[in-house]
Amino acid sequence: MQKTAVIKNEEWWKSGVIYQIYPRSFMDSNGDGVGDLQGVIEKLDYLNDGTERSLGIDAIWFSPIFPSPMADFGYDVSDYCDIHPLFGSLDTFDKLIAEAHRRAIKIILDFVPNHTSNLHPWFLESRSSRQNPKRDWYIWRDPKADGSLPNNWGSAFGGPAWEWDEQTGQYYLHSFLKEQPDLNWRNPQVKKAMLDVLRFWLERGVDGFRMDVIGMIMKDADLRDNPFLMGDTVSSDAANSYSQQKHLFDQDQDEVHNVIREIRKVLDEYPQRVGIGEVWYELPRWIKYYGANGDELQLPFNFRLMHVPWNARAVQGSVDEMEGALPDFAWSNYVLNNHDSPRLISKIGEAQARIAAMLLLTLRGTPTLYYGEELGMENTMINKDSMRDPQGFRLGREYSRDPGRNPMQWTGDRYAGFSTVEPWLPLAPDYQERNVQVESKDPVSLLSLYRKLIQLRKQQPALQVGSYRTIQVNSPDCFVFERELDNNRFLIALNFSAIAIDLQLPKFPGGKIFLSTYLDKNEALVSNDLKLRENEGVIIKIENTLHNHGMKNG
């Protein structure tokens, strides 16, 4: 018998849509060229005002807003329990929480547990002397007997992961910038302090955390060398040795799961809170971050669709592989873009951006939508003078993440309605044609499509938490699947090609096309012959029939 998905009150994250905001780039309320929390407050109605005029999202994930020297734009935290003045104050944040909750919007903060800023008071104490009580809060080591580095680990931002401290005569570990020293989570005082950070924000009403590089917080106890992918030695590109190593000892240690279970226990002290983790590992290791009994992360972020070739077979294969690997208690999730990647439309093109929208919002699993994707925002043009990303400075302009962090495009006015002065990053070149003001007036715009998809998802529980089953069809360029809950069935057919396809649907009992990505079709479908236009996706409500597919449920 087919199981019925039951969603408890504390599992809002299963049925909701998460929207990522990069705070520097969403809305500038005070004319300094940088987005802020008051700007977000002013735009909450755009995100969800309870009507069909709004986007209809359910939660906002904020990239870091804590005090920081901004060596890595907030991922170098100098105080975990305050707000950077650039973005506002704790009072502003409390107002944001209240206004968001009034609109049924949850707030998710970006928790950075692996490292702090080198200007954090903890690190300033730690590096003050070898005898300081906080010395062991970070990872300090002597050089090897020959004077070389403690081990061969590389920094993700280039170069070695060790920085020499002249004052105390030891190296400290930094998996990213030297301004981001790694915390020592094997020290119980560190763990307690960081769990107290979570409680501080949970007491203020935060609904959950996205946990940055959570799989990296535990290192091998003996700090053993990593093997190299191409043999025993690094290639001539020693500056980027991180990408040439098998990361066996600097991350994804088995002990990390004990720590994550303790984090989950803190979250569970407060009702309806969610833990989301940035986890990049291969599927068998990634699955483990749910916990053997579902007692770790509710949502280890699933980035696989960001990296597979954009075609029907590759996308379907990725989805089916993950669905087949998930234990029954685990809930899937999908991400197509974020602040570390180029804009989606710049990768797959304008026509396929509509297919991506329908895919993201109809798959079984929690969708995370990156700000501006609903408009089809393109990469901004970055030259040497306008680049801000330290990764680009360290590894080369082609590695800069700036192009996908461009200011939100609200209007066609100067500075796109984002600010009254020149923004901190350049605007995308098409902002006058592609913005909220223009697309809100266009009934067939990409923004209109996103609004309708999210509305339909809210209206039809089968599209939120229903079961999933792939349908095998006669075209390799189409991905077709069913969603079902309580005998309400929907078929989603997506054409990944630029040619029209006559699709044969096996054992199709008939139904009605609810929505086309073209936003111009709403008609009955009585035969199994479905004609899809180029780059078209459709959602079909299938006629009620009693059956048992044995599909996977929420």
inquiry  = Tell me the label only: which of (1) 73, 64, 45; (2) 106, 54, 53; (3) 78, 53, 49 is Cα extents along the principal axes in Å as calculated from this structure?
reply    = (3)
query = What is the local net charge at Ile263, summed over the other residues whose Cβ is closer than 14 Å to its Cβ (Lys, Arg +1; Asp, Glu -1)?
reply = -1
ask   = Helix 312-325: angle to the longest alpha-carbon principal axis of the chain, degrees 0 to 90, nearest 10?
value = 70
query = Normalized C-alpha radius of gyration of the stretch 218-327, against 2.2 N^0.38 Å?
reply = 1.29
inquiry  = Per DSSP helix of 4 or more residues, -39500 (n - 2.57); summed, then divided by the residues of the chain. What does that give at 222 nm, rounded to the nearest 500?
reply    = -6500 deg cm²/dmol
ask   = If one computes the Cα centroid of the stretch 450-509 and of the stretch 70-141, what distance in Å separates the two points?
value = 43
query = Quick one: helix 446-459 against the long Cα principal axis of the chain, what's the angle to the nearest 10°, folded into 0 to 90?
reply = 80
request  = Output the Kirkwood hydrodynamic radius of the stretch 257-388, Cα pairs only, in Å rounded to one decimal.
outcome  = 16.4
task = Read phi for every residue in the stretch 48-65 and hand back ³J(HN,Hα) as whole Hz from Karplus 6.51 cos²θ - 1.76 cosθ + 1.60, θ = phi - 60°, with x for Gly and Pro.
result = 6, 10, x, 10, 6, 6, 8, 5, x, 6, 10, 8, 10, 9, 9, 4, x, 10
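How large a share of the accessible area of the chain, in percent, is made up of carbon and sulfur atoms when the probe is 1.4 Å and the other protein chains stay in place?
Looking at the chain in its full context, I get 50 percent from C and S.
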ask   = For the stretch 323-375 and the stretch 292-313, what is the separation of their Cα centres, given in Å?
value = 10
task = Could you state how much accessible area Thr92 has, in square angstrom rounded to the nearest 10, with a 1.4 Å probe and all protein chains kept in place?
result = 30
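Pairs of alpha-carbon atoms within less than 8 angstrom and 6+ residues apart define the contacts here; what relative contact order does the stretch 404-554 have, in percent?
It comes to 18 percent, rounded to a whole number.
Classify the stretch 116-186 as rounded, prolate or oblate from the Cα gyration tensor: take a ≥ b ≥ c as the square roots of its eigenvalues, call it rounded if a/c is under 1.5, otherwise prolate when a/b beats b/c and oblate if not.
Verdict is oblate for the stretch 116-186.
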Residues of type lysines that Lys246 reaches as a straight line, Cα spacing below 29 Å, ignoring anything fewer than 8 places off in the same chain = Lys144, Lys178, Lys191, Lys219, Lys288, Lys347
query = According to a simple spin-label model (label point 7 Å from Cα along Cα-to-Cβ), what is the distance in nm between Asp385 and Ser129?
reply = 5.0
remark   = Sorted list, accessible surface of protein heavy atoms, 1.4 Å probe, largest first, for Ile539, Ile382 is Ile382, Ile539
ask   = Quick one: accessible area per residue over the stretch 129-205, 1.4 Å probe, rounded to a whole number of Å²?
value = 42
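Could you tell me what fraction of 2.2 N^0.38 Å the Cα radius of gyration of the stretch 350-405 comes to, as a two-decimal ratio?
Values: Rg = 14.7 Å, N = 56, 2.2 N^0.38 = 10.2 Å.
In units of the 2.2 N^0.38 Å rule of thumb, it is 1.45.
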key: When the stretch 265-331 is reduced to its Cα atoms, the Kirkwood hydrodynamic radius in Å   = 13.0
query = Where in the stretch 263-289 is the amide nitrogen less than 11 Å from a point lying 7 Å along the Cα-to-Cβ axis of Glu321?
reply = 282-284
inquiry  = With N set to the number of residues, divide the alpha-carbon radius of gyration of the stretch 299-343 by 2.2 N^0.38 Å and report two decimals.
reply    = 1.21
request  = Hand me the GluC sites (Glu not before Pro) from the stretch 285-359 located in a DSSP loop with no more than 15 other Cβ atoms within 10 Å, in residue order please.
outcome  = none
message = I'd like the orientation of helix 90-102 relative to the chain: the angle between its Cα long axis and the longest Cα principal axis, in ° from 0 to 90, rounded to 10.
response = 20
remark   = Charge tally for neighbours of Ile542 with beta carbon under 11 Å away, counting Lys, Arg as +1 and Asp, Glu as -1, is +2
ask   = Taking square-rooted eigenvalues a ≥ b ≥ c of the alpha carbon gyration tensor, is the stretch 47-152 rounded, prolate or oblate, where a/c under 1.5 means rounded and, failing that, a/b exceeding b/c means prolate?
value = prolate
task = Express the Stokes-Einstein translational diffusion coefficient of the stretch 76-227 in µm² s⁻¹, to the nearest whole number, given a Kirkwood radius over alpha-carbon pairs, 10 °C and a viscosity of 1.306 mPa s.
result = 94
message = If you consider only alpha-carbon coordinates, what radius of gyration and Dmax does the stretch 175-233 have, in Å?
response = 15.8, 50
query = At Ala351 and Asp430, where each label point lies 7 Å from the Cα along Cα→Cβ, what is the point-to-point distance in nanometres?
reply = 1.4
task = Convert 10 °C to kelvin, take the viscosity as 1.306 mPa s, use the Kirkwood radius over C-alpha pairs of the stretch 355-442 as Rh, and evaluate the Stokes-Einstein diffusion coefficient in µm²/s, rounded to a whole number.
result = 110
query = Using alpha-carbon pairs under 8 Å, 6+ residues apart, how would you state the relative contact order of the chain in percent?
reply = 14
remark   = Reported to the nearest 10 Å², Trp61 has, with a 1.4 Å probe, an accessible area equal to 10
task = At q = 0.23 Å⁻¹, what is the base-10 log of I(q)/I(0) for the stretch 1-112 according to the Debye formula with one equal point scatterer per Cα and no solvent? Please give it to two decimals.
result = -1.32
ask   = Cys81: accessible area at probe 1.4 Å, nearest 10 Å²?
value = 50
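The values are calculated or read from the model by the stated rules, or taken from the named source; none is laboratory data. The structure displayed is predicted, hence computed values, not measured ones. As a convention, Cβ positions derive from the backbone with ideal geometry for all residues, glycine included, and neighbour counts pool all protein chains shown. Ligands, DNA and RNA are excluded from the accessible area calculation, which covers all protein heavy atoms including side chains. Shrake-Rupley method; radii C 1.70, N 1.55, O 1.52, S 1.80 Å.
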